[in-house]
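Below is one structure, written out as structure tokens, with a few remarks after it.
Quick note: the coordinates plus some simple rules give every number you see, no bench work behind them. Note that this is a predicted model, so its numbers are computed, not measured. Reconstructed Cβ throughout: ideal geometry from the backbone, glycine too, with neighbour counts over all protein chains shown.
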Amino acid sequence: MAPRPIIIDCDPGQDDAVALFLAMSSPDELDILGITTVAGNVPLALTQRNARMMCDIAGRTAIPVFAGCERPIVREAITAEYIHGNTGIDGVDVFEPETPLQEKHAVEFIVETLLTADEHSVTLVPTGPLSNIATAIEKEPAILQHVREIVVMGGAMREGGNRSPSAEFNVLADPQAADIVFSCGRPITVMGLDVTHQVLSTRERVARIRALGNAVAEATAGMLSFFHRYDTGKYGSEGAPLHDPCTIAWLLDPGLFQTRACNLSVETESELTMGHTAVDFWHVTDRPRNVHWTYAVDANGFYELLNDRLARFGR
Ligand code: RIB
Ligand code: CA
């Protein structure tokens, strides 16, 4: 079967970086048309540099990388250096990557790529604030008929917020953009905190990754050894939630996850609950069931998949 064409829209971020590695390890299954970057965990100048660094480390320097929105479409930007470090990818030594930054704006790339693609053919995989995706939809709504589905990391239901009591970071960072994307009408699978908090990068799991002994595994182990400290201190759990790789793992092995069709609506008015994702899991309203909300995962199977794929970089 031909590999599935995807566009990964990200804000590296250690977990975005691992999602990129997982996607780049699987060219027979995933055809990465491009990596678009957005301001999020750290400013755009760093997220685009970090994405290009990951392409270098993975030996995939031909993948086109684009810079997109440097701020949300309405609100002021928020960042998360307190989690990811000032580089955004603390845990690896930063270098100037060979992978070039494309001249074209990420939104132009998304629009042009989708308009020239077959109907319902391209999967969008956003793992940061949804500013690029929403801007592309607003700029050219016709792109939607070329979108097969959107697999997004964002939102929270039972877990509560991680950046505010009510909201997960990606949605809170640009709630108006999230509202546009979640109501766009195309199939959407959502990896929210309820599922990502089930895949914790424990010391044993990080040690198994490091033991793979290749440059990508070493970089992954280094980043996760830094990335976990905030969540470990905050939640008292061992290890950090591997948020963004859940999107790619779902594309590679959806059987690892359990989802339910339900309504997801985004709060865009109240400052108290701004960015909250109201997930109607028990269907208590007649709101349209616009997303497939992921609520369970085989965590050991997830890490088996991750190890199996990262091991490919050593062959
Ligand atoms: O809330 C977790 C999400 O916010 C992840 O995508 C992380 O990389 C940050 O972007
Ligand atoms: Ca991210």
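At a glance:
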quantity	calculated
Longest exposed-site-free window of the chain, the sites being GluC sites (Glu not before Pro) in a DSSP loop that have at most 16 other C-beta atoms within 10 Å	120-237
Cβ-Cβ FRET estimate between D286 and V74, R0 fixed at 30 Å, reported to 0.05	0.55
Inter-centroid distance (Cα atoms) of the stretch 201-223 relative to the stretch 1-79, Å	20
Structure-based [θ]222 nm, the chain - -39500 (n - 2.57) summed over DSSP H runs of at least 4, per residue, nearest 500	-10500 deg cm²/dmol
Exposure proxy order (Cβ contacts within 10 Å, fewest to most) of V74, V216	V74, V216
Added length on full extension, which subtracts the Cα-Cα distance from 0.36 nm per residue, N86 to R158	22.9 nm
Residue-span extension gain [E271 to Y235] - 0.36 nm each, minus C-alpha spacing	10.5 nm
Rounded if a/c under 1.5, otherwise prolate or oblate - the chain, Cα gyration tensor axes	rounded
Cα gyration tensor shape for the stretch 39-177, rounded if a/c is under 1.5, else prolate or oblate	oblate
Whether the stretch 92-172 is rounded, prolate or oblate, judged on the alpha carbon gyration tensor where a/c under 1.5 counts as rounded	oblate
Taking T36, T123, T273, T116 and counting other C-beta atoms within 10 Å, the order from fewest to most	T116, T273, T123, T36
